[in-house]
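Undergrad: Mind having a look at this structure? Questions to follow.
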């Protein structure tokens, strides 16, 4: 995209000349490239995408978030949300990476997989948003990434609200299965944000050779990312606490069920012994010659169950809560 002096951008048409990088003049240029293209090593070596050493470091396959400053230009790798081009309705994943080289009048960005930030900014520029320069463009890119991460965190928080309501009402369904992925996503978002904010804190602290505009933008970005990262930490901690509370609730329910089963076993054990005694095929069996022998045996069985129940109540076993 080419941006004029007023910050309005437009897509460069096929066959249209792209200004040489590093040439000062009105406006600036944004190049967004596919790093999987086989022509990339040649373009980097020729300096077509910025200083060769800086571009080689920024566009390498190493996914770790980092930043390099060389002669007032910045190269780095930062987090973005990866999207599934074959399933647009699927929520973005936190494993995306945006590679970039920032120069005085150019921003060269690249990706190996589809990501959220560049597409969102391109759409905003196409709708008429003006950007004052490459620094503002990079700040807008990070802002779109932060907004996408914030939206993802809000969706996770809303799901946690529903799970928390079910736990408080003790209406457990499949909350155990849901909490695991939520906590995993929150931790991954926090991990990505932690690396992202470290990059811009370093720019803020070690960017003495950078323009004041760049340092101020880095400070604004770092401040916004700090606040967003705190939200992700709270979200991850909240999901962990809900997992622990859910485990405790399930343990209490299990204890209550085991207690009920134990009490029923204790109640039926004496009658079982009575029926077993009178069911022996031996001579001299009590009540065998009585007409009401069966009724008496049933009464003895019922009394033995009642005695067991009274014993359980006296010992306090039947009134324990899980």
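Undergrad: Using a Gaussian network model of the chain with C-alpha springs under 10 Å, which one of 175, 164, 17 is most mobile by mean-square fluctuation?
TA: With Cα springs under 10 Å in the chain, the top fluctuation among 175, 164, 17 is at 17.
Undergrad: Taking only Cα atoms, what is the 0 to 90° angle, nearest 10, from helix 116-126's long axis to the longest principal axis of the chain?
TA: Approximately 50 degrees, to the nearest 10.
Undergrad: Further, regarding this structure: For the chain, what does -39500 (n - 2.57) per DSSP helix run (n ≥ 4), summed and divided by total residues, give at 222 nm, in deg cm²/dmol to the nearest 500?
TA: Values: 7 runs with 181 residues, N = 322.
After summing the helix terms and dividing by residue count, I get -20000 deg cm²/dmol.
Undergrad: Pick from 71, 80, 229 the residue whose mean-square fluctuation is largest in a GNM of the chain, springs joining Cα atoms under 10 Å.
TA: Result for the chain, Cα springs under 10 Å: 71 fluctuates most.
Undergrad: Mind telling me which of 192, 259, 243 comes out most flexible in a GNM of the chain, alpha-carbon contacts under 10 Å?
TA: Looking only at 192, 259, 243, the largest GNM fluctuation is found for 259.
Undergrad: Same structure again: State, as an integer percentage, the relative contact order of the stretch 255-315 based on alpha-carbon contacts under 8 Å between residues 6 or more apart.
TA: Details: 30 pairs, mean separation 27.9, N = 61.
It rounds to 46 percent for the stretch 255-315.
Any read-out appearing in this document is the output of simple, stated calculations on the displayed coordinates, not a laboratory observation. As the structure is a prediction and not an experimental result, all values here were calculated from the model.
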